[in-house]
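Participant: Pasting a structure here, questions to come.
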Amino acid sequence: MALLQISEPGQSPDPHQRRIAVGIDLGTTHSLVAAMRHGTPECLPDEQGCVILPSVVRYLPPGTGSGRQIGFDALAAQVSDPHNTISSVKRLMGRQRHDLAAQGVVDKLPYTVVEGEGMAAVQTVAGVKSPVEVSAEILATLRYRAEDTFNDDLFGAVITVPAYFDDAQRQATKDAAQMAGLNVLRLINEPTAAAIAYGLDQAAEGIYAVYDLGGGTFDVSILRLTRGVFEVMATGGDSALGGDDYDRALADAVLAMSGLSVQVAALPAGERAGWLAEARRVKEALSSRADSGEPVTFAAVVHGQSIQLSVTHDQFADASRELTQRTLAAVKRVLRDARLDRGDVQGVVMVGGSTRMPVVRKAVAEFFGHEPLVNLNPDEVVALGAAIQANQLAGNNTDGELLLLDVIPLSLGIETMGGLVERIVPRNTTIPTAMAQDFTTFKDGQTALALHVVQGERDLVADCRSLARFELRGIPPMAAGAARIRVTFTVDADGLLTVSAREQGTGVEARIDVKPSYGLSDEQIAAMLQDSFSTAQQDMAARALVEARVDAERMIDATRSALKADGALLTADEQTTIEHLIQATVAARELTDPAAIEAATEALAKGSEEFAARRMNRSIAQALSGQNIDAL
């Protein structure tokens with residue numbers, strides 16, 4: 001008799017076989033890959049023993065060797081060949097050039113950013129390269145490192161993204177991973193990955209803040225940690241704020257100290273790259289010497305002239321104070337979203353290499369009233385947490401699964417009559433999630449429904465962001481309000497959105513995977529949230545006006561339709577009276593006072609009550625005509 005081996009769901013049938021899954025932190029300035037080895041997560045080194053891979057790709061002229069350099073080799077050419085050496089490409093993921101230009105991101109980059117297909121792209125000597133292609137080069141390098149370490153193929157990878165990455169940015173990250181030959185097990189938020197590492201290492205429970213300041217992005221999340229459950233209560237941040245900005249602030253400060261009225265962004269590309277590289281070196285040196293207070297010499301070239309100045313830690317703190325305050329402003333917003341005071345937070349997890357700066361640690365400690373947690377390597381903690389999650393998803397861990405409860409940053413809904421937004425998924429809803437709401441038709445005989453998916457907190461579509469449009473066709477012609485269309489929003493574990501619409505009676509269905517061509521910046525998201533608070537009263541008034549006008553139009557259309565079908569039930573005087581009421585409602589509909597419109601609509605409804613009763617009586621009489629009471 002043959003013996004068949006069975007296994008737990010998601011686990012290998014062979015108890016000696018282990019699926020190799022890795023966690024990847026795809027960062028703005030550097031990236032890492034980690035995996036579970038000997039029961040503990042650890043970052044995987046390259047041949048030189050270095051775990052960090054600079055997120056930099058240099059493209060070479062066609063016919064030159066491999067055509068590109070990646071990591072430290074590319075970083076070394078950042079000053080000599082800035083136009084073809086691509087760094088901080090994460091800032092371009094899923095974004096359009098004109099949005100980046102409006103935020104000043106394009107001016108800060110030493111290479112040329114052009115409008116690409118669906119998102120911004122980079123002009124290089126090897127042609128136009130999309131951020132997805134550049135990111136794929138970095139991910140592929142990490143994949144090869146992992147495969148060389150284990151001498152085997154990878155089963156899959158968990159890749160981390162900033163908590164505020166929207167649908168387009170997440171999709172771009174997924175596309176880059178697939179281009180690199182990786183099977184994406186899940187995208188998880190960077191703060192969540194950090195919480196996994198800290199939660200398991202320290203058996204931490206309670207409410208924690210994750211303060212994640214990387215090279216190019218800043219995220220803050222409030223998490224409730226209980227055994228095996230990591231729930232994101234609220235999240236926020238700034239995708240255009242990171243260690244790179246501290247470098248620029250220091251470089252600009254040194255230029256000002258030198259008596260020059262130029263900013264680093266206005267320097268020629270080569271000199272600009274040199275100033276930023278020197279600023280980074282000085283920043284790191286000051287951070288390591290903060291206790292001694294010893295100054296560091298800043299040496300760079302501007303317009304062919306050598307500049308040398310001593311920079312103190314206090315001078316660096318002054319130059320970067322505004323940036324640090326921006327991070328704390330985001331922390332306050334997220335605490336408000338979570339309905340918490342800073343005293344409710346038991347601990348602050350510091351993530352990202354930029355949190356090594358004493359100016360940052362001191363500001364965070366003063367804000368929360370206690371020292372932050374820094375006992376795990378801030379560069380590695382995100383990758384380590386992703387590796388733990390990857391090991392779970394690969395079915396290698398027999399001790400149970402982590403439950404990750406991330407949230408969406410802005411409400412999702414659809415446009416209804418009059419340009420109003422009906423929110424279906426509120427912001428800060430835990431994902432994955434699926435929510436549905438029933439809608440109906442507005443016009444008699446309507447056989448199609450146009451659905452407009454929007455994102456935002458305002459009541460009017462014009463004040464929100466459009467995500468997608470699609471149509472539901474094949475609805476049987478019915479009276480207005482008779483059809484029942486269920487619209488379902490599904491947000492998966494990666495934060496990607498699918499919207500479907502189904503007519504309940506016939507089963508006719510349409511759906512769309514929402515893949516917008518560009519993403520919202522965190523400044524835009526913060527502005528949208530701020531607008532929703534500051535204009536709440538105005539939005540309520542605007543919504544009331546639109547709803548009153550829609551109700552009036554519906555009543556006018558219904559009454560005119562009834563007159564056309566059954567006007568013979570009325571006398572001439574009665575018809576004239578109802579016509580006058582219709583005209584009064586039409587005139588009132590143009591007013592800006594909702595109460596006046598509602599009064600006219602109510603008057604029309606009251607004036608046509610008798611007409612409606614006669615129509616109903618006649619319909620019942622026709623239905624009963626010729627019928628036997630026993631049969632009924």
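Participant: Every residue in region 471-509 that is surrounded by fewer than 17 Cβ atoms within 10 Å (Cβ to Cβ) and either part of a strand (DSSP E or B) or among the acidic types (Asp, Glu) (or both), please.
Facilitator: Going residue by residue through region 471-509, those that are surrounded by fewer than 17 Cβ atoms within 10 Å (Cβ to Cβ) are 471, 473-474, 476-477, 479-482, 484, 486, 488, 492-493, 498, 504-507, 509.
Passing the criteria: Glu471, Arg473, Arg486, Thr488, Asp492, Thr498, Glu509.
Participant: Name the single residue, out of those in region 564-592 being open to solvent by less than 40 Å² (accessible area, probe 1.4 Å) and in contact (Cβ under 8 Å) with a residue 40 or more places away in the chain, that is nearest to Thr441 (Cα to Cα).
Facilitator: So the first thing to find is which residues in region 564-592 are open to solvent by less than 40 Å² (accessible area, probe 1.4 Å), and the list is 566-567, 570, 578, 582, 585, 588.
This time we only want the ones that are in contact (Cβ under 8 Å) with a residue 40 or more places away in the chain, so: 566, 570.
On the way: Asp566: 23, Leu570: 28 Å.
Result: Asp566.
Participant: Can you tell me which of Ala157, Ala195, Ala120, Ala209 is in contact with a Lys or Arg (Cβ under 9 Å, 6 or more places away or on another chain), surrounded by 24 or more Cβ atoms within 10 Å (Cβ to Cβ) and within 18 Å of Glu42 (Cα to Cα)? Before the answer, list the steps.
Facilitator: On the way: Ala195 fails: in contact with a Lys or Arg (Cβ under 9 Å, 6 or more places away or on another chain); Ala120 fails: within 18 Å of Glu42 (Cα to Cα); Ala209 fails: within 18 Å of Glu42 (Cα to Cα).
Just one listed residue meets the conditions, Ala157.
Participant: While we're looking at this one, here's another question. Give the residues of region 285-320 that are without any contact (Cβ under 8 Å) to a residue 24 or more places away in the chain and in a helix (DSSP H, G or I), sorted by residue number.
Facilitator: Result: Ala285, Ser288, Asp314.
Participant: Just to be sure I understand, how many residues within region 48-76 are touching a residue at least 12 places away in the same chain (Cβ under 8 Å) and hydroxyl-bearing (Ser, Thr, Tyr)? Even if it seems obvious, please write down each step before you answer.
Facilitator: Pass one, region 48-76, residues touching a residue at least 12 places away in the same chain (Cβ under 8 Å): 50-62, 67-75.
Narrowing further to those that are hydroxyl-bearing (Ser, Thr, Tyr): 55, 59.
Qualifying residue count for the region: 2.
Participant: Given Tyr111, Tyr164, which one is touching a His at 6+ places or on another chain (Cβ under 7 Å) and either in contact (Cβ under 8 Å) with a residue 60 or more places away in the chain or surrounded by 21 or more Cβ atoms within 10 Å (Cβ to Cβ) (or both)? Before you say what the answer is, go through the steps one by one.
Facilitator: Numbers: Tyr164 fails: touching a His at 6+ places or on another chain (Cβ under 7 Å).
Exactly one residue qualifies, and that residue is Tyr111.
Participant: Hey, could you check region 268-284 for residues that are among the small types (Gly, Ala, Ser) and surrounded by fewer than 17 Cβ atoms within 10 Å (Cβ to Cβ) and say which is nearest to His30 (Cα to Cα)? Give the steps one after another, and end with the answer.
Facilitator: Start the filter on region 268-284 by keeping residues that are among the small types (Gly, Ala, Ser), which leaves 269-270, 273-274, 277, 279.
The next check asks that each one be surrounded by fewer than 17 Cβ atoms within 10 Å (Cβ to Cβ); those that pass are 269-270, 277.
Numbers: Ala269: 22, Gly270: 21, Ala277: 15 Å.
Across region 268-284, the extreme among qualifying residues is Ala277.
Participant: Arg326 - would you say it is on the phi < 0 side of the Ramachandran plot, in contact with a helix residue (DSSP H, G or I) (Cβ under 8 Å, 6 or more places away or on another chain) and open to solvent by 70 Å² or more (accessible area, probe 1.4 Å)?
Facilitator: Numbers: on the phi < 0 side of the Ramachandran plot: yes; in contact with a helix residue (DSSP H, G or I) (Cβ under 8 Å, 6 or more places away or on another chain): no; open to solvent by 70 Å² or more (accessible area, probe 1.4 Å): yes.
Considered against the rule, which asks whether it is on the phi < 0 side of the Ramachandran plot, in contact with a helix residue (DSSP H, G or I) (Cβ under 8 Å, 6 or more places away or on another chain) and open to solvent by 70 Å² or more (accessible area, probe 1.4 Å), Arg326 comes out as no.
Participant: Can you name the residue in region 408-431 that is among the polar types (S, T, N, Q), under 17 Å from Val499 (Cβ atoms) and assigned to a loop (DSSP other than H, G, I, E, B) and, of all such residues, is modelled with the highest pLDDT?
Facilitator: Step one: list which residues in region 408-431 are among the polar types (S, T, N, Q), which gives 411, 416, 428-430.
Going one step further and asking which of them are under 17 Å from Val499 (Cβ atoms), we end up with 411, 416, 429.
Filter once more, so that each one left must be assigned to a loop (DSSP other than H, G, I, E, B): 411, 429.
Numbers: Ser411: 82, Thr429: 76.
Looking at the filtered set, the residue picked out is Ser411.
Participant: Among the residues of region 196-230, what is the count of those that are under 14 Å from Ala383 (Cβ atoms) and modelled with pLDDT of 80 or more?
Facilitator: 4
Participant: Condition first: over 22 Å from the mean Cα position of the chain (by Cα) and open to solvent by 10 Å² or more (accessible area, probe 1.4 Å). Now tell me which residues in region 85-108 satisfy that. Write out each step before concluding.
Facilitator: Taking region 85-108 as the starting set, the residues that turn out to be over 22 Å from the mean Cα position of the chain (by Cα) are 85-86, 107-108.
Selection gives Asp107, Lys108.
Participant: Here is a follow-up. Give the number of residues within region 100-125 that are among the hydrophobic types (A, V, I, L, M, F, W, C) and closer than 15 Å to Gly216 by Cα.
Facilitator: Filtering region 100-125 for residues among the hydrophobic types (A, V, I, L, M, F, W, C) gives 100-102, 105-106, 109, 113-114, 119-122, 125.
Checking the rest, the ones that are also closer than 15 Å to Gly216 by Cα come to 100, 105-106, 109.
Total satisfying the criteria: 4.
The values are calculated or read from the model by the stated rules, or taken from the named source; none is laboratory data. All values reported here derive from a predicted model rather than from experimental measurement. Here the Cβ is made from the backbone with ideal geometry for all residues, glycine too, and neighbour counts use every protein chain on show. Surface accessibility is based on the protein's heavy atoms, side chains included, excluding ligands, DNA and RNA. Shrake-Rupley method; radii C 1.70, N 1.55, O 1.52, S 1.80 Å.
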